[in-house]
């Protein structure tokens with residue numbers, strides 16, 4: 001018990017690395033620090049990060065770990081807990097408090113002419129449209145003998161009805177409290193037996209039939225119902241049944257996804273089912289983050305920690321540091337000598353952080369950020385607000401370059417971030433550790449500068465390049481080959497300009513108009529394939545197509561992969577801001593002078609725009625994963641990311657032009673494929689015709705030989 005922080009509980013364990021190499025040896029100390037009203041901290045400390053045993057002859061291992069991770073905690077106030085099953089249960093309860101996988105959701109039927117809570121509670125029986133919706137959203141289960149999540153319903157004596165609606169969705173369980181399936185009391189106008197369950201649910205669905213009056217949550221008297229999802233049915237019990245959705249939430253409940261397109265009407269389909277369940281789960285998670293419920297959760301957590309500290313402590317630690325370390329971690333204070341710490345080389349899944357200044361291309365200013373780099377993701381958090389400015393998976397990072405301007409990190413289609421590491425000592429230690437971490441967790445490589453020179457402008461450089469600066473062919477013993485350029489390399493900068501901001505024609509003009517070209521190049525992967533970081537499902541890197549793409553092979557890529565560049569060209573050309581971004585056509589060239597138009601780069605640290613712009617969208621894609629309680633951003637459907645916050649959305653006319661251009665290009669590609677198939681069939685027909693002629697000649701020769709033998713036989 002700490003006088004300032006309150007009750008504290010710390011768990012520590014030593015984990016030996018399963019895989020050890022020459023550079024990665026030792027162990028990892030994992031710690032969970034629970035402090036009264038603060039968030040739980042989960043930390044992994046590599047053994048190399050601790051000081052040498054000679055430097056601290058009297059300090060215990062536990063003391064050093066605590067001072068390293070949370071120096072505000074005084075080691076003197078800590079006491080070992082008794083070994084008891086109850087202690088483990090309390091700690092598990094505290095750790096699982098913010099994790100929700102089971103939900104109770106109310107559903108009320110609102111018939112034609114109804115709008116108040118009392119009217120909906122007094123609907124004794126269901127309707128065909130309501131039954132159709134219940135069968136669509138979940139499955140009817142018999143409560144008696146039900147052995148799964150019951151959501152507060154009676155599964156023995158049928159006191160809460162005989163049936164209910166239940167659904168299991170991606171490791172989450174939802175039990176619906178349906179008003180018409182709960183007991184009905186004719187003498188009780190308030191229907192307390194129904195309100196006792198639905199009134200205590202945080203999320204309530206109001207199902208409106210045609211003719212129902214507008215619903216207002218002000219008429220509902222409850223301290224727990226914070227979110228209402230209003231669903232109105234259209235063309236019920238027909239093949240064209242559809243639903244319109246609206247959401248009403250309390251003021252202190254944060255917004256949650258997936259967003260609802262304005263005026264959208266959703267058809268009855270699997271996508272709608274998954275989208276609605278995601279919306280329900282996100283709604284209850286958002287309620288838990290509201291001020292009221294967050295205060296209640298903090299009070300429950302504080303009382304549990306207080307109970308643990310007051311009733312389950314062992315005797316005061318009078319033992320030596322070696323015995324305490326051995327008891328908790330199975331080790332000893334005395335450890336072997338190690339080399340200098342190299343935490344950035346440890347294969348840790350968690351993120352290591354650096355203080356950096358990131359260049360904002362839209363305002364031409366530096367933004368102070370915290371860069372976090374884990375095995376899965378790279379993230380930039382603004383200081384001190386903690387807002388996520390940028391996030392990308394590590395497999396999308398294709399390389400980096402340490403320049404005089406700062407560290408440039410290249411990702412996706414060659415987009416880049418320019419940043420500088422902040423170091424109190426003024427050395428490059430922080431930068432070196434970041435570079436080491438990049439080498440450890442990404443598949444990228446450090447970019448190298450190549451200088452190409454030629455005697456005359458008419459001479460060829462000796463290499464071919466396609467979109468994204470991928471080098472497809474290098475002529476041996478020519479200028480580019482002698483400079484070190486190889487097939488599969490990626491050109492990310494020419495001079496001081498990013499290739500991601502150039503069209504193919506513009507890149508051609510720049511290379512054709514100079515006799516000395518400075519290229520910043522990322523070497524190919526070990527198998528010779530170009531390094532790619534695109535997350536497009538049709539991108540060769542995602543589909544696992546790692547072989548070298550020739551210009552002809554690239555032209556045969558799926559239409560969505562080629563059209564993506566054209567769409568981005570048009571979008572960035574109309575953008576008012578500028579920053580490095582990909583902008584390409586779908587052609588290759590051999591550096592002959594051409595006329596070109598360079599697309600304008602787009603501005604900002606990084607702002608992604610996704611999702612449909614049409615308000616009449618009716619089908620929604622479900623989220624990929626929903627394995628545990630997560631934030632709204634993790635559960636938002638990929639097709640429905642908010643488009644309204646985009647700074648420069650395309651106009652309706654531009655969207656129509658893009659659609660027409662895409663259709664025209666698609667038809668042209670299909671026509672070319674049909675012509676190719678026709679030529680292939682004609683070639684096959686010619687081959688079969690030649691084989692048939694050859695077979696006929698052989699048959700005629702055989703017939704003549706038989707006639708000759710028959711004549712000889714008759715003469716004898």
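Taken together, the values in this text are just the output of simple stated rules run on the coordinates, not laboratory data. Predicted, not measured: the structure shown is a model, and the values here were computed from it. Virtual Cβ from ideal backbone geometry, glycine too; neighbours counted across all protein chains shown.
Estimated at 0.36 nm per residue, the fully extended path between residue 296 and residue 712 surpasses their Cα-Cα distance by 138.4 nm. Residue separation of residue 527 and residue 16 scaled by 0.36 nm, minus their Cα-Cα distance, works out to 180.7 nm of gained length.
Show me the ranking of peptides 6-13, 382-389 by mean Cβ neighbours inside 10 Å, starting with the highest.
Values: 6-13: 17.9, 382-389: 11.8.
My ranking of the peptides, most packed first, is 6-13, 382-389.
The rule of thumb for compact globular proteins, 2.2 N^0.38 Å, goes into the C-alpha radius of gyration of segment 664-716 2.32 times. Shown here is the pair-distance distribution of segment 343-441: with all Cα-Cα distances grouped in 10 Å bins from zero up to the longest one, the shares run 16, 52, 30, 2 percent. Spin-label model, residue 168 to residue 420: label points 7 Å out along the Cα-to-beta-carbon direction sit 5.6 nm apart. Under a point spin-label approximation (7 Å from Cα along Cα-to-Cβ), what is the residue 200-residue 457 distance to one decimal in nm? My value for the distance between the label points is 8.3 nm. The peptide list 89-99, 272-282, put in order of mean Cβ contacts within 10 Å with the highest first, becomes 272-282, 89-99.
Put in order of Cβ neighbour count within 10 Å, fewest first, the listed residues 163, 172 become 163, 172. Applying 0.36 nm per residue to the separation of residue 513 and residue 450 and subtracting their alpha-carbon distance, the gain on full extension is 20.9 nm. The simple spin-label model puts a point 7 Å past each Cα toward its Cβ; for residue 670 and residue 72 those points are separated by 6.4 nm.
For segment 131-275, divide the Cα radius of gyration by the Kirkwood radius and give the resulting Rg/Rh value with two decimals.
Values: Rg = 16.0 Å, Rh = 16.8 Å.
Dividing the radius of gyration by the Kirkwood radius yields 0.95.
Provide the FRET efficiency to the nearest 0.05 for the residue 216-residue 377 pair, computing r from the beta carbons and using R0 = 35 Å. Efficiency, from the Cβ-Cβ distance: 0.25.
Both the radius of gyration and Dmax for segment 423-485 are 17.7, 52 Å, in that order, over alpha-carbon atoms. Taking packing as the residue-averaged number of other Cβ atoms within 10 angstrom, the listed peptides 683-696, 140-153, 75-88 run from highest to lowest as 140-153, 75-88, 683-696. What separates the Cα centres of segment 102-128 and segment 419-484 is a distance of 65 Å.
Computed over segment 439-535, the P(r) tail beyond 16 angstrom holds 54 percent of alpha carbon pairs. The ranking of 442, 300 by Cβ neighbour count inside 10 Å, starting from the fewest, reads 300, 442.
Between residue 97 and residue 429, take the C-beta separation as r, use R0 = 51 Å, and let me know the FRET efficiency to the nearest 0.05. Display every interim value, and only then the final one.
On the way: r = 39 Å, r/R0 = 0.77.
E(calc), rounded to 0.05, equals 0.85.
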